[in-house]
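Below is one structure; the comments refer to it alone.
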C-alpha cells in the first residue's frame with residue numbers, strides 16, 4: 001500500500017504536502033461558503049499509487065501548490081477508507097450495501113460523476129456547480145495548473 005505523500009510514520013500528517021484539507025465533503029462545502037472559495041474534490045485512496053505520484057510530482061510544483069493552497073478548499077475523499085459507517089445504507093447507484101467511509105465516498109463519486117477511479121479531481125463552487133471538466137491522472141504539470149486556473153477563473157466570473 002502506498003502511503004500518502006509527505007507521510008511519516010514518526011510524524012503522521014492528515015493531508016498531503018502539509019496542505020489544509022478536509023475528509024468530509026459536506027464540511028468542505030460549509031468552509032468554502034464561509035471563505036468564498038471553490039472546492040477541489042480529490043477522490044483518492046490510501047493504496048492509490050498514481051494519487052501519490054500526483055501529489056509528489058504535480059501538486060508540489062510551483063504554481064500548482066500555490067493554487068491549491070491559496071485558491072481552493074481541498075477535500076480529499078479516500079475511497080478505500082475502512083472506517084465503518086455509523087449506519088450502513090444501500091446505494092441508489094448499484095444497490096450494494098455501503099458499510100465503510102470509503103464505500104460512501106466511492107458511491108458519492110459514482111452517483112455524482114459517474115466515475116469510480118482514483119485519482120479523480122473535480123472543481124466545484126460551494127453551491128455545487130461544476131467549474132470545468134473533471135480530470136483523472138494528469139502528470140503534465142502545466143496541464144494540471146491550467147485545469148486549476150480555469151476553475152479559479154470560472155469561479156471568479158460567476159461570483
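Under 10 Å, Cα contacts only: if you run a Gaussian network model on the chain, which one of 122, 101, 35 comes out with the highest mean-square fluctuation?
35
Per DSSP H run of n ≥ 4, the term is -39500 (n - 2.57); total these for the chain, divide by its residue number, and report the mean residue ellipticity at 222 nm rounded to 500 deg cm²/dmol. Walk me through the intermediate numbers first.
Working: 5 runs with 56 residues, N = 159.
After summing the helix terms and dividing by residue count, I get -10500 deg cm²/dmol.
Which shape class applies to the chain: rounded if a/c is under 1.5, otherwise prolate when a/b exceeds b/c and oblate if not, where a ≥ b ≥ c are the square roots of the Cα gyration tensor eigenvalues? Present the calculation step by step, with values, prior to reporting the outcome.
Numbers: a/c = 1.62, a/b = 1.19, b/c = 1.36.
The shape class here is oblate.
Could you give the C-alpha radius of gyration of the stretch 52-106 expressed as a fraction of 2.2 N^0.38 Å, taking N as the number of residues it contains?
Details: Rg = 15.7 Å, N = 55, 2.2 N^0.38 = 10.1 Å.
The stretch 52-106 yields a ratio of 1.56.
Looking at the calculated P(r) for the stretch 30-70, what percent of the C-alpha pair distances fall above 14 Å?
Tail of P(r) above 14 Å: 58 percent of Cα pairs.
With equal scatterers on the alpha carbons only and no solvent term, can you work out the Debye log10 of I(q)/I(0) for the stretch 12-95 at 0.10 1/Å?
-0.29
Under 14 Å from a point placed 7 Å out from the Cα of residue 149 along the Cα-to-Cβ direction: which residues of the stretch 53-96 have their backbone N that close?
The answer is 62-68, whose backbone nitrogens lie closer than 14 Å to the label point.
In percent, how large is the relative contact order of the chain, given Cα pairs closer than 8 Å and 6 or more residues apart?
Value for the chain: 26 percent.
Nearest 5 percent is fine: what portion of the DSSP beta bridges confined to the chain is antiparallel?
Around 55 percent antiparallel, to the nearest 5.
Between 44, 100, 79, which gets the highest mean-square fluctuation from a Gaussian network model of the chain, Cα cutoff 10 Å?
Ranking 44, 100, 79 by mean-square fluctuation puts 100 first.
Every read-out reported here was derived from the displayed coordinates using simple, explicitly stated rules and does not represent laboratory data. Being a predicted model, the structure only gives us computed values, none of them experimental. As a convention, Cβ positions derive from the backbone with ideal geometry for all residues, glycine included, and neighbour counts pool all protein chains shown.
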